[in-house]
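Worksheet: the structure to be examined is printed underneath.
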Amino acid sequence: MKSRRPRLARVPTKVPTGITGFDDITGGGLPRGRTTLLVGGPGSGKTIFALQFLVHGAQQCNEPGIFVAFEETSSRIATNAEGFGWKLPELRRKKLFFLDAQPTPDLVQSGNFDLSGMLAALESQIKAMKAQRIVFDALDIIVALLPDQTARRREIYRLHDWLLARGLTGVITSKSGVDDGSSINQDSFGFMQFMVDCAVILNHSVVMGVSQRNLRVQKFRGTSFDENQAPFVIGKNGVDVAVVRTLGHMDVRVTNERVSSGVERLDTMLGGGYYRGACVLITGFPGTAKTTLSGAFAEAACKRAEHTTFFSFDSDGAEVVRNLASVGIRLDRYVKNGCLDMISARTITGSAETFLARIKTIAEARRARCLVIDPVSTLSKAGNELTAHSVVERLIDWSKANGITLFCTSLLDEVSTESGSTLQISKIADTWIHLNYVVQAGERNRGLAIIKSRGTAHSNQVREMILSGAGVTLADTYTAGGEVLMGTLRWEKESADLVANEVNAVAGRLKRVKLDAEEAELEERMKSLQVELVAKQTEKALMTRTAKSRVGELSEGRTRMRELRGADATILGRK
Amino acid sequence: MFKFRLYIAGDALNSAQAVINLKALCRTHLANRCEIEIVDVFREPKRALADSIFMTPTLIKLAPLPDRRIVGTLSQTQPILQALGLDTLAA
């Protein structure tokens, strides 16, 4: 834990063990120049842990080491460790020394004895090799030979002092009591846990038929460490301890890049596709085409020439490829050219931790950029309920840190509801798409809905998913009168709509024609009326003029008459 | 002819005792029939490694075969005689 510690007078420095995850738990490794006690039951991995610590020192830290084997012979240990690829024979030439110190079965004891002989012999070896790390594997075997309690304590102290005096980083492995292996019981060398500076307990148990391995750092003087039990597996390269990176450590490069989902309209609904490095979750009841969507995503990734690994749990990979071909998703050519790896596994054969380790190893080996896990819900099968959620969290954590786009499907069964999968990853997934059936009028149609998609203004409409030989497409669902229609009902409604539209169009045209005719008629009438109007106006004007002129003539006539009769004086010049 | 190799750790107490006890044993039961070689692991650690000696003092009977190892100060004679196959003779 890289927490801020106040400066102590002498902070013990640490030597890295090279064991994945263990150095994170202890904040650097084992205490330098001090002794660590490694306790565990049979088959819990003590020898491998100790050997890996030595190998790492020899290979990476230029610290040669000595392995003192009290129980197994060094040749057997070397053979058993061959599978890890540590290149032991090469190291044994100069950097690694194995001492066979197994007591002979017919050893006779007479009187007391001590371990100074061994220490002296080791001394010369250490000087010759300039060794800095040393392992005493199964020290309890030798200690048990000593006649009494006093002798045992004495020899253990002698060993401890000897190690301290030479500044060697030592690891002592010892069997724990047979009870539960989660703590060291108080027998003769149980007091060792008080003497050493660091104590680690390895535990291998079977929970509901599934084997789980756990590791716990019981004590580590002078430093803070992760005190929880951490699960581990013995993987291809040795011990692999699971550790969840604290959020501060995650240096994820946030990107705006989108990757296609393989279905065009779905990309549109998602604003371009899934984010790269996101975790996508598809949930649905059996038969809702979750694997089909996975295949579409894988195909789209392979088309972009990005390496994809497809983990198919409980369903054979070749079968999946064949089944997807029937909906137009051709994965076989990508399998052939190596762009796509189909890995199938049966979840019943291992613990969730083992699968996580396998997934990581395979994905890292093939440098996958896209990862499909179909379905991820099988990891929480019986025996794994406690660990499955942690496993999935770490899987998402790891894939984000490596920029891998993770695509998971999760099977909902009768027990779980749409509100969330049993693994609760719907809470941590970035995009959650739910597939369901709509049963109507004797048909089952598939509906797809995007429940959430972080960072995207996604469409909220339920769409119908149609699978055909030409591929996967999404159709609009018909919403009429507040009801969602799919399948043939939709088609029926759509056709009915079309007909209705046509009828309306025709009726409209008819009406238009009629109105045009009436308009023309009215215009005609208006014209004739106007003509009449003009005639009447002219008549009126004529009448007015005539009347005026008659009046004028009449007055003129009277005046003339008067003139002529000479009645009144006339105004001369009036003309 | 008995050949013994006794590994001791310098002048540690139990090593000194072992030397004394071994010599006494040879005088008592194997007079003139034994050869004793004493190896100090502090002086010759490589030989100790070669013989896989990790507890001291350790007595190795090299001859006659089969070879036997006995650790400790050799204070109890009976088990030693048994281990060396000498008890029938001693009795």
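Scanning for something within 7 Å of chain A (Cβ to nearest Cβ), crowded, with 22+ Cβ neighbours inside 10 Å and in a strand (DSSP E or B), does the range B:61-76 turn up at least one residue?
The answer is yes, given that some residue of the range B:61-76 is within 7 Å of chain A (Cβ to nearest Cβ), crowded, with 22+ Cβ neighbours inside 10 Å and in a strand (DSSP E or B).
Which residue is farthest from the chain's Cα centre (by Cα), if the candidates are limited to the range A:451-507 and must be charged (D, E, K, R) and assigned to a helix (DSSP H, G or I)?
A:Glu502
Which of the residues belonging to the range B:50-60 are within 8 Å of chain A (Cβ to nearest Cβ) and either surrounded by fewer than 17 Cβ atoms within 10 Å (Cβ to Cβ) or in contact with a strand residue (DSSP E or B) (Cβ under 7 Å, 6 or more places away or on another chain) (or both)?
Correct list: B:Ser52, B:Ile53, B:Met55, B:Thr56, B:Pro57, B:Thr58.
Please go through the range B:1-56 and pick out each residue that is among the basic types (Lys, Arg), assigned to a loop (DSSP other than H, G, I, E, B) and either within 12 Å of the chain's Cα centre (by Cα) or farther than 26 Å from A:Ala101 by Cα (or both).
The answer is B:Arg33, and nothing else.
In the range A:81-126, what count of residues is obtained for those that are within 25 Å of A:His160 (Cα to Cα) and more than 45 Å from the chain's Cα centre (by Cα)?
23
Mind listing whichever residues of the range A:82-116 are more than 10 Å from chain B (Cβ to nearest Cβ) and under 27 Å from B:Ser15 (Cα atoms)?
Of everything in the range A:82-116, those that are more than 10 Å from chain B (Cβ to nearest Cβ) and under 27 Å from B:Ser15 (Cα atoms) turn out to be A:Phe98, A:Pro105.
Restricting to the range A:91-112, and then to whatever is without any contact (Cβ under 8 Å) to a residue 24 or more places away in the chain and over 20 Å from A:Ile134 (Cβ atoms), can you tell me which residue is surrounded by the fewest Cβ atoms within 10 Å (Cβ to Cβ)?
By that ranking, first place goes to A:Pro105.
Could you tell me whether A:Leu145 is among the hydrophobic types (A, V, I, L, M, F, W, C), closer than 17 Å to A:Gln102 by Cβ and assigned by TED's automatic domain parsing to the domain that holds A:Gln59?
Answer is yes for this residue.
For every residue, the table says whether it meets (1) buried (at least 23 other Cβ atoms within 10 Å of the Cβ); (2) outside the structural domain of A:Ala365 (by TED's automatic domain parsing); (3) acidic (Asp, Glu).
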site: A:Val217; (1), (2), (3): no, yes, no
site: A:Val239; (1), (2), (3): yes, yes, no
site: A:Gly271; (1), (2), (3): no, no, no
site: A:Cys279; (1), (2), (3): yes, no, no
site: A:Ile282; (1), (2), (3): yes, no, no
site: A:Phe285; (1), (2), (3): no, no, no
site: A:Phe297; (1), (2), (3): yes, no, no
site: A:Ala300; (1), (2), (3): no, no, no
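Out of all the residues in the range A:421-465, which are at positive phi and of a type outside the set (A, V, I, L, M)?
A:Gln424, A:Gly442, A:Gly455
Given (1) without any contact (Cβ under 8 Å) to a residue 60 or more places away in the chain; (2) under 30 Å from A:Val239 (Cβ atoms); (3) not aromatic (Phe, Trp, Tyr), identify the lone condition not met by A:Thr354.
Condition not satisfied by A:Thr354: (1).
A:Glu464 - would you say it is under 30 Å from A:Ser326 (Cβ atoms) and without any contact (Cβ under 8 Å) to a residue 40 or more places away in the chain?
Yes.
Looking only at the range A:35-53, how many residues end up being modelled with pLDDT of 90 or more, in contact with a Gly (Cβ under 9 Å, 6 or more places away or on another chain) and over 19 Å from A:Glu227 (Cβ atoms)?
6
Given the residues A:Glu63, A:Glu71, which is the only one that is more than 14 Å from every other protein chain (Cβ to nearest Cβ) and not hydrophobic (A, V, I, L, M, F, W, C)?
After applying the criteria, what remains is A:Glu63.
Quickly run through the range B:1-29 and pick out the residues that are surrounded by fewer than 16 Cβ atoms within 10 Å (Cβ to Cβ) and not β-branched (Val, Ile, Thr).
Once the filter is applied, which keeps residues that are surrounded by fewer than 16 Cβ atoms within 10 Å (Cβ to Cβ) and not β-branched (Val, Ile, Thr), the range B:1-29 yields B:Met1, B:Lys3, B:Gly10, B:Asp11, B:Leu13, B:Ala16, B:Lys23, B:Ala24, B:Arg27.
Mind listing just one residue for me: the one in the range B:30-41 that is hydrophobic (A, V, I, L, M, F, W, C) and within 11 Å of another protein chain (Cβ to nearest Cβ) and, of those, surrounded by the most Cβ atoms within 10 Å (Cβ to Cβ)?
Taking the candidates together, the pick is B:Val41.
Test A:Leu324 against the criterion of being buried (at least 17 other Cβ atoms within 10 Å of the Cβ) and touching a residue at least 60 places away in the same chain (Cβ under 8 Å), and give yes or no.
Against the criterion (buried (at least 17 other Cβ atoms within 10 Å of the Cβ) and touching a residue at least 60 places away in the same chain (Cβ under 8 Å)), A:Leu324 does not qualify.
Just a yes or no: is a residue in the range A:117-127 away from chain B (no Cβ under 11 Å), among the hydrophobic types (A, V, I, L, M, F, W, C), buried (at least 16 other Cβ atoms within 10 Å of the Cβ) and in a helix (DSSP H, G or I)?
Looking for residues that are away from chain B (no Cβ under 11 Å), among the hydrophobic types (A, V, I, L, M, F, W, C), buried (at least 16 other Cβ atoms within 10 Å of the Cβ) and in a helix (DSSP H, G or I), one finds none in the range A:117-127, hence no.
Please verify whether the range B:12-35 includes one or more residues that are free of Cβ contacts under 8 Å to residues at least 60 places away in the same chain, acidic (Asp, Glu) and more than 19 Å from B:Gly85 (Cβ to Cβ).
No, there is no match, as no residue in the range B:12-35 is free of Cβ contacts under 8 Å to residues at least 60 places away in the same chain, acidic (Asp, Glu) and more than 19 Å from B:Gly85 (Cβ to Cβ).
Out of A:Ala144, A:Ala101, A:Ala131, I need the residue that is aliphatic (A, V, I, L, M), at pLDDT 90 or above and closer than 24 Å to A:Val39 by Cα. Which one?
The match here is A:Ala131.
Tell me which residues, restricted to the range A:31-61, are hydroxyl-bearing (Ser, Thr, Tyr) and part of a helix (DSSP H, G or I).
Selection gives A:Thr47 alone.
The values are calculated or read from the model by the stated rules, or taken from the named source; none is laboratory data. Small disclaimer: the values here were computed from a predicted structure and weren't measured. Backbone-built Cβ (ideal geometry, glycine too); neighbour counts: all protein chains shown.
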